[in-house]
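So the structure is just underneath, and the comments pick up after that.
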Amino acid sequence: MKGEHIYVEHPRDTSARMNTLHGIYFNIAQEEYIKCLDVEDTDISGMHEGEKMELSYKSTGHAIKAIVFSSMCVESAINNYAGTQLGDNYYDNHLNNLDVLSKWVVIPDLVCGKSIDKSGPAYNSLKKLIKARNKLVHNKSKEYNPTDPNLYKHLEKSEVDFKNDFENSLKALYLLRMEMDFVLGQAHNPIGTLDPAFTWFEIPEQVKDIFNRCKSIVLKQYS
């Protein structure tokens with residue numbers, strides 16, 4: 001993220017692979033994140049309750065997609081990286097059954113002796129993302145008592161937790177992409193570098209603030 005080339009030696013510098021979808025998943029996650037922000041910024045003054053409810057439903061839908069596709073992106077990216085550098089057979093036989101978080105720790109270490117900082121912001125954000133994804137994918141409803149005096153607090157906490165999960169989803173992708181530049185180098189970054197000196201990728205205006213905050217965090221970490 002400093003515009004300086006970082007090279008980390010890998011078994012392979014080039015490859016040709018099929019079904020590499022992590023870039024598409026990233027774009028969808030970011031797009032859905034922005035759509036959610038746009039819906040939340042809608043002026044609801046003068047709307048009736050039905051319209052407000054429909055707007056809330058749309059917002060929740062976009063947020064869920066942002067979380068799920070973010071998690072799909074990080075899993076697809078590390079799987080592709082492992083297959084490229086260690087071989088598909090080795091990955092299928094020895095690494096496929098690892099959980100996603102463990103893959104991000106173990107696989108880069110196997111490839112080049114380097115790994116994500118387990119005490120750092122990217123790892124912590126990734127951990128939260130995977131937990132949020134699991135809550136959605138393995139969703140379980142709960143019975144509640146309408147007369148429970150703490151019902152409002154429970155509902156409020158649930159809303160706050162979901163909002164935090166949503167806000168963390170894109171943050172996790174940015175932090176991970178940025179940290180991997182320093183750990184594995186821009187050329188071998190599993191998700192792809194966001195360093196403007198090495199990519200044409202442009203950050204949409206709506207998410208530049210979170211992007212810049214993540215950049216400051218990672219630059220401070222590796223200063």
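Does Ala197 fit the bill of being open to solvent by less than 90 Å² (accessible area, probe 1.4 Å), at pLDDT below 95 and under 29 Å from Glu4 (Cβ atoms)?
On the way: open to solvent by less than 90 Å² (accessible area, probe 1.4 Å): yes; at pLDDT below 95: yes; under 29 Å from Glu4 (Cβ atoms): yes.
So Ala197 fits the description; yes.
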From the option list Glu167, Glu179, single residue qualifying as farther than 23 Å from Val106 by Cβ and either of a type in the set (D, E, K, R) or open to solvent by 80 Å² or more (accessible area, probe 1.4 Å) (or both) is Glu167
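Please find, among Ile78, Ile6, Ile28, the residue that is touching a Lys or Arg at 6+ places or on another chain (Cβ under 6 Å) and of a type outside the set (S, T, N, Q).
Values: Ile6 fails: touching a Lys or Arg at 6+ places or on another chain (Cβ under 6 Å); Ile28 fails: touching a Lys or Arg at 6+ places or on another chain (Cβ under 6 Å).
Exactly one of Ile78, Ile6, Ile28 is touching a Lys or Arg at 6+ places or on another chain (Cβ under 6 Å) and of a type outside the set (S, T, N, Q), namely Ile78.
Let's see how each residue does on (1) of a type in the set (D, E, K, R); (2) free of Cβ contacts under 8 Å to residues at least 24 places away in the same chain; (3) out of contact with any Gly (no Cβ under 7 Å at 6 or more places or on another chain):
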{"residue": "Glu32", "(1), (2), (3)": "yes, no, yes"}
{"residue": "Glu40", "(1), (2), (3)": "yes, yes, yes"}
{"residue": "Ile78", "(1), (2), (3)": "no, no, yes"}
{"residue": "Gly87", "(1), (2), (3)": "no, yes, yes"}
{"residue": "Leu98", "(1), (2), (3)": "no, yes, yes"}
{"residue": "Trp104", "(1), (2), (3)": "no, no, yes"}
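Test of understanding: among Ser119, Ser141, Ser115, which residue is touching a residue at least 60 places away in the same chain (Cβ under 8 Å) and either more than 15 Å from Ala77 (Cβ to Cβ) or in contact with a Pro (Cβ under 7 Å, 6 or more places away or on another chain) (or both)? I'd like the intermediate steps shown before the answer.
Numbers: Ser119 fails: touching a residue at least 60 places away in the same chain (Cβ under 8 Å); Ser141 fails: touching a residue at least 60 places away in the same chain (Cβ under 8 Å).
Residue meeting the stated conditions: Ser115.
Scan region 131-154 for residues that are closer than 24 Å to Gly61 by Cα and acidic (Asp, Glu) and report the count. First the steps, then the outcome.
Start the filter on region 131-154 by keeping residues that are closer than 24 Å to Gly61 by Cα, which leaves 131-144, 151-154.
Those left that are additionally acidic (Asp, Glu): 143.
Of the residues in region 131-154, 1 are closer than 24 Å to Gly61 by Cα and acidic (Asp, Glu).
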Looking at Ser59, is it more than 23 Å from Gly23 (Cα to Cα), touching an Asp or Glu at 6+ places or on another chain (Cβ under 9 Å) and of a type in the set (Ser, Thr, Tyr)? yes
Selection over region 32-88 where residues are within 30 Å of Cys112 (Cβ to Cβ) and not β-branched (Val, Ile, Thr) yields a count of 17
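The values are calculated or read from the model by the stated rules, or taken from the named source; none is laboratory data. Here the structure is a predicted model, which means the values were calculated and not measured. Neighbour counts are summed over all protein chains in view; Cβ atoms, including those assigned to glycine, are modelled from backbone coordinates with ideal geometry. For the accessible areas, the whole protein counts, side chains as well, though only heavy atoms, and no ligand, DNA or RNA atoms are used. Shrake-Rupley method; radii C 1.70, N 1.55, O 1.52, S 1.80 Å.
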